[in-house]
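J.: For reference, the structure I am asking about is given below.
Rule-based calculations on the coordinates, nothing more; no lab input. Here the structure is a predicted model, which is why all the values come from computation and not from measurement. As a convention, Cβ positions derive from the backbone with ideal geometry for all residues, glycine included, and neighbour counts pool all protein chains shown.
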Ligand code: HEM
């Protein structure tokens, strides 16, 4: 069945995948995203996605979403951005964030795709250091 296949693909994806509702509350998270941020599924479902990021974004993320809904002008949707995430233990790590708007059975959700950049940024820092 097709949806079982899609579920298996998401469960086994290397990149983290998180979906949130129109208010920013986490509706689903795959194992890769749980591993990256150091949380279990139960610890994040229903909570605000802002728990996964440092300040100042943590304090402003609700407004980022609200502004997009008000104006229709995207800052990450359709382009992506390199941002910092915050793990459960407080550690920050860089990742490439992609966000899609998904209209699904009469409502809007957002799907976030998280590609860890820790190794790339470490290598980049070394090169810059010795240059
Ligand atoms: C907007 C940061 C995770 C959904 C933004 C903006 C930033 C940001 C900086 C735009 C600010 C602006 O220029 O106006 C972060 C950080 C994250 C994170 C640091 C680390 C965990 C997520 C995830 C999702 C998401 C996982 C979806 C599942 C959105 C949406 C918007 C947004 C819907 C508004 C649309 C847009 O501006 O394109 N976020 N975000 N964010 N983010 Fe996040």
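J.: Could you identify which residue out of 61, 75, 115 has the top mean-square fluctuation in a GNM of the chain using Cα springs shorter than 10 Å?
T.: Of 61, 75, 115, the Gaussian network model singles out 75 as fluctuating most.
J.: Let me ask something else. Between the helical axis of 118-130 and the dominant principal axis of the chain, each derived from Cα atoms, what acute angle in degrees is found, rounded to the nearest 10?
T.: The angle comes out at about 30 degrees.
J.: If you take the C-alpha gyration tensor of the range 2-130, multiply each eigenvalue by 5 and take the square root, what semi-axes do you get, largest first, in whole Å?
T.: They are 24, 19, 15 Å, listed largest first.
J.: In degrees, nearest 10, range 0 to 90: what is the angle between the Cα axis of helix 2-11 and the longest Cα principal axis of the chain?
T.: 30 degrees
J.: Mind telling me which of 94, 74, 56 comes out most flexible in a GNM of the chain, alpha-carbon contacts under 10 Å?
T.: Top of the fluctuation ranking is 56.
J.: Calculated from DSSP H runs of 4 or more alone, at -39500 (n - 2.57) each and per residue, what is the 222 nm mean residue ellipticity of the chain, nearest 500?
T.: Helices in the chain give a 222 nm mean residue ellipticity of -11000 deg cm²/dmol.
J.: Here's something else I'd like to know. How high is the relative contact order of the range 2-130, given as a whole-number percent (alpha carbon pairs under 8 Å, six or more residues apart)?
T.: 23 percent
J.: In nm, to one decimal, how far is the residue 51 label point from the residue 102 one, both placed 7 Å along Cα→Cβ?
T.: With each label point 7 Å from Cα toward Cβ, the separation is 2.0 nm.
J.: Test of understanding: ordering 127, 109 by Cβ neighbours within 10 Å, fewest first, what list do you get?
T.: Final ranking by Cβ density, sparse to dense: 127, 109.
J.: Another question, then. Just rank 104, 64, 39, fewest to most, by other beta-carbon atoms within 10 angstrom.
T.: By the 10 Å Cβ count, ascending: 104, 64, 39.
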